[in-house]
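What follows is a set of notes on a single structure, which appears directly below.
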Amino acid sequence: MRCPSCNSLDTQVKDSRPTEDSAVIRRRRVCITCNFRFTTFERVQLRELTVIKRNGRRVPFDRDKLVRSLQISLRKRPVDAERVEKMVSAIVRELESGGEAEISSEAIGEIVMEHLRGLDDVAYVRFASVYRNFREAKDFETVLGELSGEEDTRVATLRK
């Protein structure tokens with residue numbers, strides 16, 4: 001592992017431990033050259049995924065880009081970082097176990113929206129507004145109508 005401080009390849013693992021859900025291993029490392037300490041995370045990757053963009057371009061799947069887009073949607077929302085990390089892991093697992101090495105950005109967006117819908121309604125609307133490229137207020141009304149229709153169904157089910 002390359003040291004982020006001096007770029008030396010001579011680093012040593014000082015401590016390893018699994019995270020709470022045992023899906024990731026956290027490693028504390030130290031650079032032998034400059035004595036800089038840093039943390040790395042190791043997770044299982046089932047397969048290399050390629051994203052097919054709307055314009056047809058193919059790019060490698062970037063988990064960090066997914067995390068950043070979710071963080072933007074969830075900005076100033078009362079959602080724990082741990083729940084977000086679990087959701088990201090579930091999305092990536094779903095994508096990797098789908099059987100396809102190439103997946104469209106639209107399919108990823110739909111999966112993300114499905115997970116966000118269960119996590120936070122405001123984040124869902126924020127993400128949908130960018131993903132579906134909202135142009136006017138009616139687009140928001142449509143999504144809010146979908147959400148309120150879902151709420152009406154839940155209330156009716158509870159009353160039965």
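The values are calculated or read from the model by the stated rules, or taken from the named source; none is laboratory data. As the structure is a prediction and not an experimental result, all values here were calculated from the model. When we count neighbours, we look across all protein chains shown, and the Cβ atoms used for this are built from the backbone with ideal geometry, even at glycine. Side chains included, ligands, DNA and RNA excluded: accessible areas come from the protein's heavy atoms. Shrake-Rupley method; radii C 1.70, N 1.55, O 1.52, S 1.80 Å.
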Requested in this report: Apply the Karplus parameterisation 6.51 cos²θ - 1.76 cosθ + 1.60, with θ equal to phi minus 60°, to every residue of the stretch 92-97 and state each ³J(HN,Hα) to the nearest whole Hz, in sequence, with x for glycine and proline.
Outcome: 5, 4, 4, 5, 5, 8
**Report entry** Average accessible surface area per residue within the stretch 1-115, 1.4 Å rolling probe, Å²
**Finding:** 66 Å²
Requested in this report: Kindly give the semi-axes, whole Å and largest first, of the ellipsoid equivalent to the chain, taking each as the square root of 5 times a Cα gyration tensor eigenvalue.
Outcome: 37, 20, 16
**Report entry** Amide proton proximity set for T11, modelled H, under 5 Å, gap of 5+
**Finding:** I32
Query raised in the report: If you count, for each residue, the other Cβ atoms within 10 Å and average over each peptide, how do 81-93, 136-148, 99-111 line up from highest to lowest?
Result: 81-93, 99-111, 136-148
Query raised in the report: R57 versus L9, label points 7 Å from Cα toward the beta carbon: distance in nm?
Result: 3.1 nm
**Report entry** Carbon/sulfur fraction of accessible area - the chain, other protein chains in place, 1.4 Å, %
**Finding:** 49 percent
Query raised in the report: Magnitude of the Cβ-charge dipole of the stretch 1-94, K/R +1 and D/E -1, about the Cα centre, nearest 20 debye?
Result: 400 debye
Report summary line: Taking a ≥ b ≥ c as the square roots of the eigenvalues of the Cα gyration tensor, with a/c under 1.5 meaning rounded and otherwise prolate when a/b exceeds b/c and oblate if not, the stretch 41-97 is oblate
Report summary line: So F38 and R2, fully extended at 0.36 nm per residue minus their Cα-Cα distance, gain in nm 11.9 nm
Query - Farthest toward positive dipole pole in the chain [+1 Lys/Arg, -1 Asp/Glu at C-beta], among Y131, I103, S73 - result: S73
